[in-house]
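Report on one structure; see the data block that follows.
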Amino acid sequence: MRAVFSLALLLLLAGCTPKPQRFSNIAEEYVLNTLTFAPSQATAAGYHRHNGVPMDELLDEYSAVSAARQRAYYGRFASGLKRDIIPEKLSPDDRADYDLVSQLLTLARFEIEAIVPWAHSPQLYAEAIGTALFVPYAQEYGPRNKRFYDILKRMERIPSRLSQAQGNLVSAPKVWREVAIEETKGNIDLIALLKKERPAELSKKFDDAAGKATVALNQYIQFLTKDLEGKDYDWRLGTANYTKKFQLTLGTTETPDQLLAAAEAELKKVREEMARLSGWTGKGDINPIIRKRLDQIATKHATRETYFNDARRDLAEATAFVAQKGLLKLPPNKNLTVIETPAFMRGIYSVGGFNPAPAMDPTLGAQYWLTPIPADWPETRVESKLREYNFYGLKLLTIHEAMPGHYVQFEYANRIEPRGRRLLRSVYANSASAEGWAIYSTQMLLEEGYINNDPDLKLTFLKQQLRMIANAILDIKLQTGRMTDDEAIRLMIDETFQEQEEAKGKLQRAKLSSVQLVTYFAGWRDHIRMREIARQVKGSAFKLSDYHQSVLEAGGLPTPAICKLITGRELK
């Protein structure tokens, strides 16, 4: 029988690493030790054993006690950096990594001390359990029997973790409870699937663990439905906390209000460009003119049955275009699959997403998640989603998530050397830089003539740019208490031409997350400005493919840090 280790022991072990000699070693120490705080994420990153402890058998622990241990670790690590490192003497790459680690330390401590997610976020537990079970099932890091054994050990821990959750949670916003309930139901379905596919030699123990886990999950649903009902909590961060998280997450000194002003100015500019493309003569209300043209475009869409095959077709088409135009050197691996978004993640990923290959085992598969249309949806909801992700919208989604968006980005990041740098910039990639690249690369494909400069594609892209801008406005205004639900829906439907279904899902997402929706606009704006700086520096020697390679080879650093590395100039 394998020994069972608590997270407490893992955290004690985390403080016993010998003093490293290079900053890449420091970066690696930080990544590996902090991955022990979330074993489900450790497995996803390809980190399977820590000081002999099997990470794949453990479940994430959320509590005031585990948070105190994490806080102590972050404090020790920050003190060590201050004592042992002179930032000004580091190489440019090491200095960029030092700055990133420092930013991550401050953000982690802020989350623990100011956000206190384990006391108010019931979906946190549902998503951690779902990830812990799904990753060993979907990611072939070992023989099938070994991976199902890992799933078994994690299932055995579900009842105690959910008991802990019920003791931790003191209040929660209604929308968070509702999403947690749906995600927990998704976990129950996942366990039923795993039970059907488990190896015969594990059947008795597996079925017993699955039964107990299912009972615990149903009890958790009852707790969320009855015991936590009425114990409300404000999902808004508020101005002070939002501003701090905004700057730490984005790696910027810009304030939310400065970015908000830029977003509102860009909103007006894009709307006017869409009006001109739709035949506006400069007089009258532009909304009916734009909407009429978008309504015509929206009629050309997939069916519920062809939706996934159309996405696969679009992936092949985009890959061929990038190669033909020589826009960047494509990754050598053929390890990307298109799969359904796991049920336990559909609260956040209501449309789709990307799951990269593990940073510590890049040869394993990457996944482009596409959220299926539920079988019980009425035709009006189905049509609304298909109109939003129509023939052109689905192409743009595929470019963003896969080619040459996030998939290419993370494949490059997973080849960075030395290893410590690779792990830091992959596992803890800056979200604004990552999302910004995905949107920039989509725009770049259109600039290069993707699908013959189709004007309907350009208009659809501009509509998605409006959505990106609206995301930033929603995130800032909702989280700081300056926008109502009705105002948010009006912004999305009346000013940015989103379908009702898309607007409803985005409003929910804006309440589930903070400083996430804003990353798209912030990152895109930085990537556009960085390319212009690179053009100025290189002059006539500027070559787009070389520029793309230099950006991608920098990995998941914040965009200002990438700009300084590849151009020698500040991003302003």
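Values quoted throughout were computed directly from the atomic coordinates according to the rules given, and no laboratory measurement underlies them. Nothing here was measured: the structure is a model prediction, and the numbers come from that model. Positions of Cβ are backbone-derived with ideal geometry, glycine not excepted, and every protein chain shown enters the neighbour counts.
Taking Cα centre as origin and charging only the Cβ of basic (Lys, Arg, +1) and acidic (Asp, Glu, -1) residues, the dipole magnitude of the chain rounds to 900 debye.
Can you bin the stretch 7-227 into rounded, prolate or oblate? Criterion: square roots of the alpha carbon gyration tensor eigenvalues sorted a ≥ b ≥ c, rounded for a/c under 1.5, prolate for a/b above b/c, oblate for the rest.
Values: a/c = 2.54, a/b = 1.55, b/c = 1.65.
The shape class here is oblate.
Secondary structure note: in the chain, about 55% of the DSSP beta bridges are antiparallel.
Protection proxy ranking, highest mean first, for peptides 129-137, 483-491: 129-137, 483-491, where packing is the per-residue count of other beta-carbon atoms within 10 Å, averaged.
With the highest mean first, a sort of the peptides 450-463, 193-206, 425-438 on other beta-carbon atoms found within 10 angstrom per residue produces 425-438, 450-463, 193-206.
If the chain linking residue 540 and residue 193 were pulled fully straight, counting 0.36 nm for each residue of separation and taking away their Cα-Cα distance, it would gain 119.1 nm.
At 0.36 nm per residue, minus the direct Cα-Cα distance, what do residue 528 and residue 109 gain on full extension? Give it in nm, one decimal, please. Mind dumping the intermediate values first?
Numbers: separation 419, 0.36 × 419 = 150.84 nm, distance 3.17 nm.
Separation in residues times 0.36 nm, less the Cα-Cα distance, equals 147.7 nm.
Length available on full extension from residue 65 to residue 376: 0.36 nm per residue minus the Cα-Cα distance, which gives 107.7 nm. Over the chain, dividing the summed -39,500 (n - 2.57) contributions of all DSSP H runs of at least 4 residues by the number of residues returns a 222 nm mean residue ellipticity of -20500 deg cm²/dmol.
Relative contact order for the stretch 7-227: 22 percent, from Cα pairs under 8 Å spaced at least 6 residues apart, divided by residue count. Packing, as the average of other Cβ atoms within 10 Å across residues, places the peptides 378-385, 81-88 in the order 378-385, 81-88, highest first. Each part reduced to its alpha carbon centroid, the stretch 86-133 and the stretch 435-468 end up 32 Å apart. Would you please give the residues with an amide H less than 5 Å from that of residue 50, counting only those at least 5 places away or on a separate chain, with H modeled from the backbone geometry? Here 55 satisfy the definition. Once the gyration tensor of the Cα atoms in the stretch 485-562 is diagonalised, the equivalent ellipsoid follows with semi-axes of 35, 14, 10 Å, ordered largest first. By the rule of a C-alpha distance below 16 Å, with chain neighbours fewer than 8 residues away ignored, the aspartates and glutamates paired with residue 395 are 310, 314, 317, 447, 448, 454, 456.
Note on residue 89 and residue 419: with the Förster distance fixed at 22 Å, the Cβ-Cβ geometry gives a FRET efficiency of about 0.50.
Each residue, residue 231 and residue 140, gets one label point 7 Å from its Cα in the Cβ direction; the gap between the two is 4.5 nm. The structure shown yields Cα extents along the principal axes in Å, and of the options (1) 74, 60, 51; (2) 75, 61, 45; (3) 82, 57, 49 that calculated value carries the label (2).
Mean Kyte-Doolittle hydropathy of 0.0 or higher plus an axial Cα length of 20 Å or more: which whole DSSP H helices in the chain meet both?
Details: long enough: 64-84 (30 Å, -0.67); 92-110 (27 Å, -0.27); 122-138 (24 Å, 0.73); 144-168 (35 Å, -1.32); 174-197 (35 Å, -0.26); 203-222 (28 Å, -0.50); 256-277 (31 Å, -0.41); 307-325 (27 Å, -0.52); 431-447 (24 Å, 0.19); 455-479 (36 Å, 0.20); 518-538 (30 Å, -0.63).
Answer set is 122-138, 431-447, 455-479.
Cross-link partners of residue 195 among lysines, defined as those whose alpha carbon lies under 17 angstrom from its own and excluding same-chain residues fewer than eight positions apart: 146, 153, 185, 204, 205, 212.
Rounded to the nearest 20 Debye, what is the dipole magnitude of the stretch 7-227 about its Cα centre when Lys and Arg each give +1 and Asp and Glu each give -1 at the C-beta? My answer is approximately 500 debye. Which distance in nm do the two modelled labels at residue 303 and residue 262 give, with both placed 7 Å along the Cα-to-Cβ direction? The modelled label-to-label distance comes out at 4.5 nm.
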